[in-house]
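Notes follow once the structure below has been shown.
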Amino acid sequence: MESHPSQSNSSSNFPKGFLWGSATASYQVEGGIENNDWAKAGREGKVPPAGISSDHYNRYEKDFDIAQSLSQNTHRLSIEWARIEPHEGQFDEKEIEHYRRVIQSLKRRGLEPFVTLWHFTLPIWFADKGGFENEESPKIFARYCKYVVSKLGDEAEFWMTINEPLIWASGSYFRGKWPPFKKNIFKFIRVQSSLVESHTLAFKSMKEINSNLKIGIAKNNMYFGADNKVWNIIAKNFMNWFWNERFLDKISGHQDFIGLNHYFYVKFGDKDKLPKTDMNWDIFPEAIYKCLVQLKKYNKPIYITENGIADEKDVMRGDFIKDYLKFVKKAIDEGVDVKGYFHWSLLDNFEWSFGFDKKFGLVEIVPKTLERKIRSSAYIYKKIAENNSIV
Ligand code: IFM
């Protein structure tokens, strides 16, 4: 079943100007955020607390020095909504200036900023109003997005409104493991429609401020496989539509690029024996190629806004990066317009309900001292970035 990317005749180089970087998200790395729904759930003992996390809020300059030293030329970060709008309709200029400094410090180091406006965490006041269950939520969300780009739109070209809408909706309303801890299929579907509307309205409002901004979302897409049993094939086709296509189809008139976050291969029926990450997720590099080929029909530039591995011992990450990138290259050789790759993550961070146990960083964070230690695999990725080629 596996095809071989090495059989391609094209040059081994990635396209000129390809972006090589890594990604983080505010609540997972910044530390010191107490006024969002995750912090509240942490205080109530429902999820682990993030506390000071990696203290990236104060140490971002040093962290970006590391990214630069690893030959990265882009970086994806997120802005914490609860910092910017701590109370409904009241915006905090000081926090805007903080993020301005963060974005500028990336640009000084030659790192193209990709900014996400919402990565899973909600201000408490918004969660108390029902979050994305609230009919008014698209307007409230679009107002926040518009405010941020009215202040920071000149600082960055690439913006993402929402990170992984379906992962968030399923963690929060289907699996019931994330705030607001509900298991309700109707609400699960309801919040997804609300997120489609929220993105669309935010997209339009942001374009009113600056029509040159490039705006998209970061969408988690999986590769679904099946053995040859009819019901498994039906399940695979249904899930492929439900998970991978439905949301993107609905926003397709309102995105300038597609951000692909890719981690999962799900097979219905007989399982393949595959190596696993520390999250117990299957490693199947061809899956990223299948996802990229599927996105070709939208005719938009694609950035891989996340792909990575929890690997505390750092024994798999180097090969993981090379193997997944070989399949990215195969997709490019077959005409898929992939323009960049962001490894998840630059730093070890708060992995949601798993707390700090899972280590996704190219850079290790020593828990007590918060010392940064560059992992060996980061140098493998550095070499790829430097050569613009896996070889
Ligand atoms: O840590 C998460 C991130 O917040 C969203 N994408 C998947 C990562 C690994 O689980």
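Once backbone amide H atoms are built at 1.01 Å from N, residue 268 has 225, 226, 227 as its partners under 5 Å, excluding neighbours fewer than 5 places away on the same chain.
In order along region 235-242, the phi-based Karplus estimate (6.51 cos²θ - 1.76 cosθ + 1.60, θ = phi - 60°) of 3J(HN,Hα) comes to 4, 4, 5, 5, 5, 4, 5, 4 Hz; Gly and Pro are listed as x.
When you restrict to C-alpha pairs under 8 Å that are six or more residues apart and normalise by the size of region 85-159, the relative contact order lands at 47 percent. The apolar share of the surface of the chain, taken as the fraction of accessible area on carbon and sulfur atoms (1.4 Å probe, ligands and nucleic acids excluded), comes to 52 percent.
In units of the rule-of-thumb radius 2.2 N^0.38 Å, the chain shows an alpha carbon radius of gyration of 0.93. Taking every alpha-carbon pair within region 206-258, the share separated by more than 15 Å comes to 58 percent.
In the context of the full protein assembly, residue 88 retains an accessible surface of approximately 80 Å², using a probe radius of 1.4 Å and ignoring ligands and nucleic acids.
Put the Cα centre of region 243-294 next to the Cα centre of region 344-369 and the gap is 23 Å. Summary value for region 102-199: 33 percent relative contact order, contacts being C-alpha pairs under 8 angstrom separated by 6+ residues.
Rounded to the nearest 5, what % of the DSSP beta bridges within region 267-391 are antiparallel ones? Bridges in region 267-391 that DSSP calls antiparallel: roughly 50 percent.
Pairs from the list 271/373; 187/219; 219/271; 183/339; 16/359; 129/368 with a Cα-Cα gap above 29 Å: 271/373; 183/339; 16/359; 129/368. Between residue 347 and 362, 363, the built amide H atoms are under 5 Å apart, and every one of these is 5 or more places off in sequence or on another chain.
For residue 389, the residues 5 or more places off, or on other chains, whose built amide H falls under 5 Å of its own are 14. With an a/c value of 1.5 or above and a/b not larger than b/c for the gyration tensor axes a ≥ b ≥ c computed over the alpha-carbon atoms, region 163-251 is described as oblate. Bridge orientation summary for the chain: considering DSSP beta bridges with both residues in this region, about 15 percent are antiparallel.
Per residue, the accessible area of the chain comes to 40 Å² when a 1.4 Å probe rolls over the protein heavy atoms. Stretched out straight at 0.36 nm per residue, the stretch from residue 354 to residue 238 would grow longer than its current Cα-Cα span by 38.8 nm. For the chain, relative contact order (Cα pairs under 8 Å, six or more residues apart, normalised by length) works out to 19 percent.
In terms of accessible area, using a 1.4 Å probe and ignoring ligands and nucleic acids, 286, 136 rank largest first as 136, 286. The heavy atoms of residue 239 present about 50 square angstrom of accessible area, all protein chains included, probe 1.4 Å.
If you take all other residues with their beta carbon under 12 Å from the beta carbon of residue 295, and give Lys and Arg +1 and Asp and Glu -1, the sum is +2.
The figure for residue 238 is an accessible area of roughly 110 square angstrom, using a 1.4 Å probe on the protein chains alone.
The values are calculated or read from the model by the stated rules, or taken from the named source; none is laboratory data. Nothing here was measured: the structure is a model prediction, and the numbers come from that model. For neighbour counting, all protein chains shown are included, and Cβ atoms are generated from backbone atoms with ideal geometry for every residue, glycine included. What goes into the accessible areas is simple: the full protein's heavy atoms, side chains included, and nothing from ligands, DNA or RNA. Shrake-Rupley method; radii C 1.70, N 1.55, O 1.52, S 1.80 Å.
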